[in-house]
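Asks: Got a structure here, written out as structure tokens. Questions coming.
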Amino acid sequence: MTIRPALFLAGAWNESMRQRRSTVLLDLITVVFLAGTVAAIAFVVLVLNDPQSAINPFPPPTVPPLALLPTFTPTSTPTITPSASVTPMPSETPTPSITPTPSDTPTPTATETVSATPVLPGATPLGSQHTPTPGPTSPADAPLDDGSGNTVNGEPVRTPIPQPTRSEFPFTASEVTYEANANNDGCAWLSIAGTVTDLRGDPLPGLAVQIQGTSFNQVQFAGGASDWGLAGFEFQVGTTPESGEYTLQLLGATGGAVSDAITVETGDTCTTNVAVVEFVQNHAY
């Protein structure tokens, strides 16, 4: 009966010691958690205050500094101050001159008319019977002679000298000449070529030359064929020498004809496979 209470007390004491050890362990765990919580809070506060702190395991990336560009301050544009203009000095006013009083105009006196004096006795002066007509004269204008040295009365026979007739068109075509082709095609060629010249004989480019033939109609400007000069032209009408007829005419700036339409016959040999025509200006237009 005595042993049981002792055992009971021993068991109670052991139980009490176990509970005490358990309480101490829990207290230690609590202290550790509290200390960890305080440390965590302190860490968070430090990191929030200084993210670039060395204790921050995940520091934010370093942002490069912003470049500050200088602002443009508009300045007023200086205005040009006009320089003082030079005031012209007043010119001297010319003194009016005295206008001379017109003198009396002398009355013309009558002029005595001189009659023609006959050169030969008994001859009648030509001036008393006929007034010469201005213009070219011929030997027939001389007084008629009867063979004895006396002048025969009467009107002399006048033989008119023919005058050149002005062309209807300001350009005249020269006579067609022939020559051999000088380019690389040699005899495998057939053309009509030429030039246009002005009143002084200088090249006159720019005028149109029209050529027409059987199933052939072309227009070319003088100056388009440099091989024939500054106002040259050339129409290739075939590849072998052969006879053929073409009409050639020079046209003005408005498209109207400024020369006669001439007929050009092409050559049928290797030495005549280029027909040459020159349009020459004969009067202004």
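Asks: Could you sort the peptides 178-184, 23-29 by per-residue average Cβ neighbour count (10 Å cutoff), highest mean leading?
Replies: Going by the mean number of other Cβ atoms within 10 Å, highest first, we get 178-184, 23-29.
Asks: While we're looking at this one, here's another question. Working out 0.36 nm times the residue gap between F221 and L9, then minus their Cα-Cα distance, what length gain in nm do you get to one decimal?
Replies: That works out to 61.7 nm of additional length.
Asks: How far, in nm, would the chain grow between T177 and I41 when pulled straight, counting 0.36 nm per residue and subtracting the alpha carbon separation?
Replies: Taking T177 through I41 to full extension adds about 36.9 nm, to one decimal.
Asks: Also: With each label point set 7 Å from Cα along the Cα-Cβ vector, what nm distance links T62 and A284?
Replies: If labels sit at T62 and A284, their model points lie 9.3 nm apart.
Asks: Ranked from highest to lowest mean number of other Cβ atoms within 10 Å per residue, what is the order of the peptides 237-245, 12-20?
Replies: Ranked by mean Cβ neighbours within 10 Å, highest first: 237-245, 12-20.
FYI, it's all coordinate maths here, none of it is from the lab. Remember, predicted model here, so these are calculated numbers, not experimental data. As a convention, Cβ positions derive from the backbone with ideal geometry for all residues, glycine included, and neighbour counts pool all protein chains shown.
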